[in-house]
Amino acid sequence: MADHKACLYEKYVWEVPVRVTHWVNMLSIVVLAVTGIIIGSPRTLGLSGSDYVMGWVRFVHFTAAYAFAVSVAARIWWMFRGNRYARWREFFPVISSGGRARLWETFKYYTFLNKKAPHEVGHNAVAASAYSLVFLLYIVMALTGFSLYAEHRPGSLMHVVMTPLYTLFSNQGMRLTHHMVMWLLIGFVINHIYSIWLMDIKERGGVVSSIFSGYKAVQRKE
Amino acid sequence: MAKKSDDHDEMKQCSGTAGFWEERGVSRRDFLKFCTAMSAALALPVSLAPKIAEALESDSRPSVIWLEFQSCTGDTEALLRAANPTVGEIVLDVLSVDYAETIMAAAGYQAEEAKHKTMKERGGKYIAIVEGSIPTGANGAYCCIGGKSALEIAREVCGGAMATITVGTCASYGGIPAAAPNPTGAMGVKDAVPGATVINLPGCPVNTDNLVATVVHLLTFGKLPAVDGKGRPQFAYGKRIHDNCERRPHFDAGQYVEAWGDQAHRKGHCLYKMGCKGPETFHNCPSQRYNEKTAWPVSAGHGCAGCSEPYFWDSMTPLYKRLPNVPGFGIETTADTIGLGLAAATAAAFGVHGVVSAFRKGDESEGAKEE
Ligand code: HEM
Ligand code: HEM
């Protein structure tokens with residue numbers, strides 16, 4: 001082990017757009033989930049008919065929604081512009097045989113079947129696959145959210161753009177989907193924070209600080 | 001007072017010979033008021049009111065064939081049961097209703113003959129109004145009239161009409177007869193006769209004012225009003241109930257009815273938590289209302305049931321819950337109980353994983369290699 005450490009150096013892995021969108025997403029998801037739960041089962045907080053409690057909660061939800069949507073769109077754009085660790089291929093290890101092998105090894109580590117913790121420059125294969133699903137959930141949230149939102153103005157540009165969704169979903173189905181996917185995201189976040197903690201301890205690559213600084217400890221090629 | 005009689009004189013001047021309406025007990029003034037109201041209902045400029053008046057006064061009385069299939073006759077009732085005749089009803093009188101099972105005097109062969117006569121003589125020029133869904137299962141055997149299935153009749157009558165107006169949700173989208181498991185294979189007119197020119201006026205029942213406005217539009221401009229993605233006229237279904245609701249300020253304020261008959265319910269607060277489907281439903285109920293604009297469900301203290309949306313019986317239920325049940329889970333399990341359970345299970349699973357990982361010795365990592 002010691003000899004590995006001798007040739008470690010700081011490698012710049014997560015570029016600015018990756019880090020910024022990660023934290024904008026996190027903050028907006030927290031705000032969206034809190035306001036969303038209130039929208040879903042509000043308490044009577046208004047004391048008089050001229051209060052605007054729900055009005056403000058929804059306003060905050062929609063403002064955070066725009067921040068979230070712009071951030072997700074920016075990250076997806078960066079999947080075609082950024083470095084290899086940010087590229088779209090990174091999220092689909094299943095498409096290459098090497099990727100499938102890494103996926104299997106990492107899976108075995110997580111299920112205690114072997115003791116070799118993965119250590120990769122980018123995302124590990126299991127995490128990357130999970131993120132591809134998370135991005136799918138992001139898109140589902142944005143599409144169902146903006147479809148519900150556009151209903152206040154039928155015939156507007158947004159409403160017209162969302163036309164396929166109104167055929168795909170009944171209105172109630174859209175709401176339920178929007179609501180349930182929030183719980184899937186919450187489930188992911190529990191998993192995510194745990195795994196980050198675990199990997200920070202086990203692989204000792206400084207993964208937690210990497211999402212703040214962008215740098216990871218990597219061995220120099222010999 | 002003086003002002004009023006001036007107005008009246010003016011009206012008289014431009015009235016010409018208005019015998020038709022006066023004979024039916026409608027003053028010139030009321031008639032013109034009606035025309036103006038119609039232009040407003042149709043979201044047209046008031047300057048078009050005279051054009052509407054002109055169309056309604058012309059001698060050509062378009063024929064109407066009113067078909068009734070799998071229905072409760074609620075839409076006919078809505079039209080006929082008004083306390084006193086309104087101008088709107090008289091507009092429907094202007095039409096020559098050649099066939100309408102519930103109200104016509106003729107019966108049997110005579111009645112069918114009247115229908116065929118209209119179809120033959122006025123092919124492409126009559127209006128078909130359909131009430132009730134069309135069963136397509138068992139070769140249409142579930143609803144036959146005069147030896148023909150509803151589907152055959154609809155193909156014949158709607159196919160040859162200038163336009164078909166479906167009144168009520170059943171004729172528009174299948175409605176309650178089409179609710180799962182839809183034993184009769186019921187569907188709306190547009191699905192059953194795709195070739196027909198159809199405008200949908202869903203609702204349970206249809207709002208008579210919207211029917212009259214649609215007919216007036218057809219008489220005035222010779223074509224149907226603009227429709228939305230579900231084939232409904234935009235003037236009547238272009239806005240969401242929730243956005244025009246008289247209780248909306250209570251929604252925005254954060255004042256909700258929590259139980260039937262509670263303090264908030266008595267004060268008229270928002271019915272959102274009681275399963276009101278106003279946020280899902282497009283209809284002009286809050287402004288047009290029913291029964292000569294006296295009331296509509298929410299004004300009476302009951303949430304909207306979403307009756308003017310396709311498949312409402314399947315998608316808007318449970319009527320007194322805000323969100324549908326999650327498929328595969330029990331009736332009493334809400335989306336949030338399931339979500340909380342999921343979150344707790346995830347946390348527990350990773351908690352255990354964490355404890356195991358913490359006590360496990362000998363894990364190693366090679367460190368990432370730069371490729
Ligand atoms: C991760 C992101 C998001 C989460 C966790 C979230 C969560 C929620 C939740 C739980 C509800 C209540 C649903 C219900 O029970 O009816 C809700 C409602 C809603 N959300 Fe989101 N949401 C997210 C993103 C978005 C986005 C991107 C938009 C886009 C504008 C959006 C628009 C809406 C709208 C319009 C409603 C309905 C509000 C109403 O009817 O008053 N949401 N959201
Ligand atoms: C709402 C909460 C969160 C969500 C939805 C979320 C989601 C994600 C996603 C989608 C990625 C992939 C990023 C990309 O390539 O663009 C990621 C990476 C990462 N996140 Fe989060 N995250 C959340 C909160 C956090 C928190 C609180 C931390 C740390 C304390 C954290 C640490 C990291 C790290 C270290 C990575 C990169 C590690 C890797 O997988 O290689 N995240 N996260």
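FYI, it's all coordinate maths here, none of it is from the lab. Keep in mind the model is a prediction, meaning the values are calculated, not measured. All Cβ positions, even for glycine, are placed from backbone atoms using ideal geometry, and neighbour counts span all protein chains on display.
What the table below lists for this structure:
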| quantity | calculated |
| --- | --- |
| Euclidean distance of C-alpha centroids, segment B:145-223 and segment B:265-308, integer Å | 25 Å |
| Per-residue average of Cβ from other chains inside 10 Å of A:40-52 | 6 |
| The protein assembly as shown - Kirkwood radius from inverse mean 1/r over Cα pairs (Å) | 28.5 Å |
| Hydrodynamic radius by Kirkwood, which averages 1/r over all alpha carbon pairs of segment B:241-370, in angstrom | 18.3 Å |
| Choice from B:192, B:178, B:78 with maximal GNM fluctuation in chain B (Cα, 10 Å cutoff) | B:78 |
| Averaged over A:56-62, number of beta-carbon atoms from partner chains that fall within 10 Å | 1 |
| Inter-centroid distance (Cα atoms) of segment A:10-46 relative to segment A:153-222, Å | 10 Å |
| Sparsely packed GluC sites (Glu not before Pro) within segment B:270-344, loop by DSSP, other Cβ within 10 Å at most 12 | B:332 |
| Average other protein chain Cβ within 10 Å of Cβ, residues B:329-342 | 3 |
| Sorted peptide list for B:269-279, B:244-254, criterion being average Cβ within 10 angstrom, highest first | B:269-279, B:244-254 |
| Eligible aspartates and glutamates near residue B:115 by straight Cα distance, threshold 12 Å, same-chain separation 8 or greater | B:98, B:101, B:156 |
| Estimated 222 nm signal from helices in the protein assembly as shown, with DSSP H stretches of n ≥ 4 weighted -39500 (n - 2.57), rounded to 500 | -15500 deg cm²/dmol |
| Cross-link table B:239/B:293; B:120/B:148; B:267/B:293; B:148/B:223; B:190/B:223; B:117/B:230, entries beyond 26 Å C-alpha to C-alpha | B:148/B:223; B:117/B:230 |
